[in-house]
Structure formats: structure tokens, C-alpha cells
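Comments concern the structure below.
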Amino acid sequence: MIETDKWRLKLGDYIDVADHHMPEWLELEVFGFDEPDFHVRIELRDNVPRIVSLAWQAGPGSREVMQKDLGAGISAWIEVLYASLVIVVDHGDRMVRVNTDPDSDFQRAVRNFLEERRAGKRRITGDFLRQVAAVYRQNIEHAPTEAVSRTFGVKHRQATDYVKQARDRGFLPPTKQGRAKA
């Protein structure tokens, strides 16, 4: 455990993941003083870091939890923290690299490695495209492609591609520009 008067960090054991040593879990508490305290737990699940617990707590003398606390770019901030704790093993040069400078090329490479592990490749199967078509149909009256985007956690462009593939496979009828059909 590492602790200061502003924060506390607890780490689990390190495990090997593709030439990287990564903490199996970590917990961070940030003491807010006049703002709410913040707590997060990140665990490796299928060798991918995932936020599994997130909390704010307003203590005596601090303000209440507000909307601005929830949209504070937590995911990016935590990625930087987690990336700074990853150790890279270079077997060819027989060295171990650690660098806590968040702007270094090393840290960018580690963050890219973590992002690739998190994103993974989604397999586009018939069942998946049927789900896309069902979401599209359920939201035909208002922004169906946007609903696909939200449901599957992808950007609008990728959602558009999913809808096109569902049409190509016959799960949605053909449509004309500006006229949604489901």
C-alpha cells in the first residue's frame, strides 16, 4: 500500500500478460477534503483491466456529489494510472522497463497495448447482426442507428456499418436515403 495525505493506492500481485507484468487488481482512494472522496477498483478480467467498482462519497464538511464529478474523464485518468504501473519485459535485451512519465513514448505504447486488449475484435456473426436489427427496429421512430451505437458501445460510423451488414444479410429490408425501414 502506498499512501499520502491526498490518496491511497493498494495493489494486488503482478501477473504476466504478453511480456507485460500487470497488477491483478488495484484500488485507489482520493481524499476530496471539501469535495467528495473518490474510490475505484480495477481488476484484470481475461487479462484486460476493467473498472469493477467506482464510488464517490460526500463526507462531513464536503459538498454533495454533483454531475461534474461523474463526467470528470475518469476512464482516461485511470488508464494513465494503470499504465504507469505496468512493467514491460524485453526478453531480447534482458531488461525490464518502467516509466511513470505519462507523456513518454513508453507510456503511450503501454496505453495502446491496454486499449488493444480492452477493445478486442468483435466477431460479426449472424446472431450479432440479428441483435443489431432488433435494436434498430425497436428504435425505428427515433434515431435507430444512434440506438445501435449506444447499445453496442461503438461510434456512429461503426453502428452504420453494422446496420449495413444487417441489411446485406437480409435481417433488415432495403431502405432509401432519409426513410428508415425496419
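Quick note: the coordinates plus some simple rules give every number you see, no bench work behind them. Values in this document were obtained by computation on a predicted structure and should not be read as measured data. We place every Cβ from the backbone using ideal geometry, glycine too, and count neighbours over all the protein chains shown.
Taking the stretch 28-49 and a reference point 7 angstrom along Cα→Cβ of Gln67, the backbone N atoms nearer than 19 Å belong to 36.
Listed values for the stretch 17-25 are Karplus-derived 3J(HN,Hα) couplings in whole Hz (6.51 cos²θ - 1.76 cosθ + 1.60, θ = phi - 60°), namely 9, 6, 6, 10, 9, 10, x, 4, 7, and x replaces Gly and Pro. For the residue pairs Lys10/Lys68; Lys6/Lys68; Lys68/Lys164, alpha carbon separations beyond 28 Å are given by Lys68/Lys164.
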